[in-house]
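**Student:** I'd like to ask you about the structure that follows.
Please treat every number below as a calculation from the coordinates, not as lab data. Predicted, not measured: the structure shown is a model, and the values here were computed from it. Because the Cβ atoms are built from the backbone with ideal geometry, glycine has one as well, and the counts that use them run over all protein chains shown.
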Amino acid sequence: LRIVVVGASTAGLKCACRARRLLPAATITVLDARREISLAHGALPAFLAGEFPSLDALRTTSYGRVRDASFFKDVKGVDVRTGVRVDALDLAAHTVTAVCEDDGARETHAYDHLVLATGAASRAPAGIVPGPAVHLGHDPLHLRDLRRALERGAVDRVAVLGGGCVGVSLAGALAETWGVGVTLFEAQDRILPEVLDTELAAVASRALRDLGVEVRTGARVTAATTAASAAAVDVDGEARSFEAAIVALGVMPRVELARAAGLAVGPSGGLIVDQRLQCAPGVWACGDVVEVTQLLTGTPRLAGRSALAARMGRAVADGIAGRPVRVPPMAGSFALRIGETMVATVGITAGAAREAGLAPAVVWGSVADRAVIDPERRYDAVALVSEERTGRLLGLQAVGPGAAVRRAELMATPLRAGARLEDLLDLETCCHPAVGDLFDPLHGLAALALAVRDGGPLPVACETAAPGAVLVDVREASELTGDLPAIPGALNIPLGELATRFAEIPRDRPVVLYCARGPRSFEGICFLQNKGFLNILYLAGGVGLRANR
Ligand SMILES: Cc1cc2nc3c(=O)[nH]c(=O)nc-3n(C[C@H](O)[C@H](O)[C@H](O)COP(=O)(O)OP(=O)(O)OC[C@H]3O[C@@H](n4cnc5c(N)ncnc54)[C@H](O)[C@@H]3O)c2cc1C
C-alpha cells in the first residue's frame, strides 16, 4: 500500500505516524516544500519574543531530538522529503508530481492513498506585497527574519496589520520583549472579533495597551510595501512608515493543487470533505486546508487550530486503515497570551450567534481564580453566552491573568454535549482554596443568566448603558481609595447600610448599582426591588470588570 502525504506539519505528520503504526507494511512518503517541518506554530509568538533560541527549538522532543526528516525516518519509520514542492496531482493516474527546490529535478510519486495536508498561508490582498520589510505572520521564516532585524536593533517601530488571533499574539510578543513601538491596525470595531464580543475585546485591548501597543480599531489597511528598506503602510488613505510590518489579515487555505485537479472548494475557501475526510476516492484531506462545520451554527468555516489539525490527521490514518473515522463538528476552543493575560474562548460569540439567526443572552462576571480568602487571587473577565429561549450554552469568553483557560476548558464538554444553563448548576468541580470557592464561577454565571431569564435583576456591561442613571456604589467606604476607585458622581451606600439609607436613592431615574466584582450589587438590587424600585440595573462584573477596559 502506497500512501503519499503532501505537507509535513501538524496534520500531515500526525497522519503519517499513525498510519505507520496501523499499517506496518505500507510505504509512506511525506513531501514538503519547506525544510523547517514539524514546527509548533503556537510558539511562534514566543519565538519572535526571543523565548526560544532558534526555530529548531520549536520542533525538539522532550528528550532533545530535533524532529527533522532523519528523526521521522529513524524513530517513526516515515520517509519525509523536504524541499520538495508538489506542483500537480493526477487523480486518474494516481500520481503526484513534484519539483526538488535545490536542483529543479522533477519526480513522480504513485499512490494508493493521497493525503492533502497543505495547510493555509497568510492572506495578502491586492496592495499588500510581502518583501524585506513586510513579513507574513504565518510564515516562520519571515518571523525569523524579523527577529534577526530586532536583534540587530534595526527596528524601532512595527505595524501589525490585523487584530485577529495571530496579529494580537505577535503584537503582544513584540511589545513585551523588544521595547519597540508597536501599532496594531484592525478594520473592525474591536480586536479578536471572531472570538470576543465588544466587552471582553475591550479587556484584551487593555492588556495590549498595558504592554505599550497602540491599538487602532476601525482602521482599514489598503497597502503595505517595502520602500527604501522601510514598510510603507496605507491606512484609510493615510501613508505611514514603519521599519517593519507583519501581515496578519487572516489565512487562505492552500487549495490550488486540489482545485486544479478538480476537487471542490467550499464557501469558506477550504476543501470540501465528506464525513470521513475524503474529497475523492482515495484522496483525503486534513488540517487547515479543510473546511469544517461549526458545531453550534452548522455553518462552514476554516479549522485554523493545531489540535484539530492533529485530530484530523489521526482520523485520516484511521480511515486509510479501514477503521471508523470520527471528526465531530468544531466547537472552537482557543487560547492566546498577551503578556500575563490569557484570552481563552470556546463556542461562538453573541455576534456570531445573531448572524446565525440565534437570539443570544449574555451575562458577564469578574471572577477569581482562587478562594476569595487567598490574597494571591487574580481576577478574569468572563462572558457566558446562551440561547435566550432555550438556555442552550453557546459560548464562553474569558480574559485575564487567572484561570481563563480553565474556565474555557471546563465549559467545552457541556457545550459540546448540548447542555443548558441548568446543567452548569450541576457542574461538579474540585473544591480547594487553591482553585476557587465552593462553586465554580461558571455555576455563578449560569445562576445569573437563569435569574435574568426569570425576570430577575438585569446586568449591564457598562454604566453608560442606562443614560441618566443614578450610580450607587455599594462597597465599603474604605474600598473607594484602593485600586478600583469609585465611578465619578456615584453615590456610596455600603450594602450593609442599604436597609437604613435606601431613601437617599432617587426613584424618578434609572438606578445602576455596582460593587467590586458583582455579587454585592446583585444582593442590593434584590433588596431594592423588594422596596419597590422598578428601573434598576447592576454593573456586571462590578467596577473590577470596568477598570480593565
Ligand atoms: C503565529 C501562529 C500562531 C498560532 N498559534 C496557534 C495556537 O496557539 N493554537 C492553535 O491551535 N493554532 C495556532 N496556530 C494555527 C496552527 O499553526 C495551524 O492550525 C496548524 O499549523 C495547521 O496545521 P496543518 O498541518 O494543517 O498546516 P500547516 O502547519 O500550514 O502546514 C502545511 C504544510 O504543507 C506544506 N505545503 C503546502 N503546499 C505544499 C506543496 N504544494 N508541496 C509541498 N508542501 C506543501 C507547507 O510547506 C507546510 O509545511 C497558529 C498559527 C500561527 C501562524
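**Student:** If packing is taken as the mean number of other Cβ atoms within 10 Å per residue, what is the order of 130-137, 380-387, 155-162, highest first?
**Tutor:** The most tightly packed comes first, giving 380-387, 155-162, 130-137.
**Student:** Only Lys, Arg, Asp and Glu count, each charged at its Cβ (+1, +1, -1, -1), so figure out the dipole size of the chain about its Cα centre, rounded to 20 debye.
**Tutor:** Numbers: 57 positive and 60 negative charges, 224 e Å.
Approximately 1080 debye in magnitude.
**Student:** Here is a further query. If packing is taken as the mean number of other Cβ atoms within 10 Å per residue, what is the order of 100-110, 229-239, highest first?
**Tutor:** 229-239, 100-110
**Student:** Let me ask you something else. I'd like the distance between the alpha-carbon centres of the stretch 432-459 and the stretch 175-224, rounded to an integer number of Å.
**Tutor:** That distance is 30 Å.
**Student:** Determine the gain in length on full extension of the stretch Glu256-Ala223; use 0.36 nm per residue of separation and subtract their C-alpha separation, reporting nm with one decimal. Please report the intermediate quantities before stating the final value.
**Tutor:** Working: separation 33, 0.36 × 33 = 11.88 nm, distance 2.44 nm.
Gain in length upon complete extension: 9.4 nm.
**Student:** Also, I was wondering about something else. Select from Leu442, Ala490, His432 the residue farthest towards the positive end of the dipole of the stretch 426-549; place +1 on Cβ of Lys and Arg, -1 on Cβ of Asp and Glu, and compute about the Cα centre.
**Tutor:** Ala490
**Student:** Calculated from DSSP H runs of 4 or more alone, at -39500 (n - 2.57) each and per residue, what is the 222 nm mean residue ellipticity of the chain, nearest 500?
**Tutor:** -7000 deg cm²/dmol
**Student:** If you add up the charges near Asp454, with Lys and Arg at +1 and Asp and Glu at -1, over every other residue whose beta carbon is less than 13 angstrom from its beta carbon, what do you get?
**Tutor:** Cβ neighbours under 13 Å give a net charge of -1.
**Student:** In nm, what is the difference between 0.36 nm times the number of residues separating Asp274 and Phe439 and their Cα-Cα distance?
**Tutor:** So the chain would gain 55.2 nm between Asp274 and Phe439.
**Student:** Next question, about the same structure. All other residues with a Cβ under 9 Å from the Cβ of Ile338 taken together, and with Lys, Arg as +1 and Asp, Glu as -1, what is their net charge?
**Tutor:** Working: positive: Arg337; negative: Glu176, Asp210, Glu340.
Net of charged neighbours comes to -2.
**Student:** Taking 8 Å as the Cα distance limit and 6 or more residues as the minimum spacing, I'd like the relative contact order of the chain as a percentage. Could you put the intermediate results ahead of the total?
**Tutor:** Values: 1259 pairs, mean separation 61.6, N = 549.
It rounds to 11 percent for the chain.
**Student:** Apply 1/(1 + (r/R0)^6) to the Cβ-Cβ distance of Arg85 and Thr61, taking R0 = 35 Å, and write down the FRET efficiency to the nearest 0.05. Please report the intermediate quantities before stating the final value.
**Tutor:** On the way: r = 27 Å, r/R0 = 0.77.
Efficiency at R0 = 35 Å is approximately 0.85.
**Student:** Report the Cα centroid-to-centroid distance between the stretch 145-167 and the stretch 479-549 in angstrom, as an integer.
**Tutor:** Taking the Cα centre of each part, the stretch 145-167 and the stretch 479-549 sit 44 Å apart.
**Student:** Going by average Cβ neighbours within 10 Å, how do the peptides 270-281, 390-401 rank, with the highest at the top?
**Tutor:** Descending mean neighbour count gives 390-401, 270-281.
**Student:** For the chain, find the longest principal axis of its Cα atoms and tell me its angle to the long axis of helix 306-320, 0 to 90°, nearest 10.
**Tutor:** Between the helix axis and the principal axis of the chain, the angle is about 50 degrees.
**Student:** Could you work out how far helix 404-416 tilts from the main Cα principal axis of the chain, as a 0 to 90 degree angle to the nearest 10?
**Tutor:** The angle comes out at about 80 degrees.
**Student:** Considering Cα pairs under 8 angstrom that are at least six residues apart, work out the relative contact order of the stretch 1-129 and quote it in whole percent. Please report the intermediate quantities before stating the final value.
**Tutor:** On the way: 220 pairs, mean separation 40.0, N = 129.
Here the relative contact order equals 31 percent.
**Student:** So what's the angle, to the nearest 10 degrees on a 0 to 90 scale, between helix 519-530 and the longest Cα principal axis of the chain?
**Tutor:** The angle comes out near 50 degrees.
**Student:** Could you give the dipole magnitude of the stretch 277-357 about its Cα centre, charging the beta-carbon of Lys and Arg +1 and that of Asp and Glu -1, in debye to the nearest 20? Spell out each step's value before the answer.
**Tutor:** Numbers: 8 positive and 5 negative charges, 36 e Å.
In total the dipole reaches around 180 debye.
**Student:** Give the aspartates and glutamates whose C-alpha is closer than 20 Å to that of Lys14, dropping any in the same chain fewer than 8 places away, or say none.
**Tutor:** Qualifying aspartates and glutamates at Cα under 20 Å: Asp32, Glu36, Asp56, Asp68, Asp74, Asp79, Asp112, Asp274, Asp288, Glu291, Asp318.
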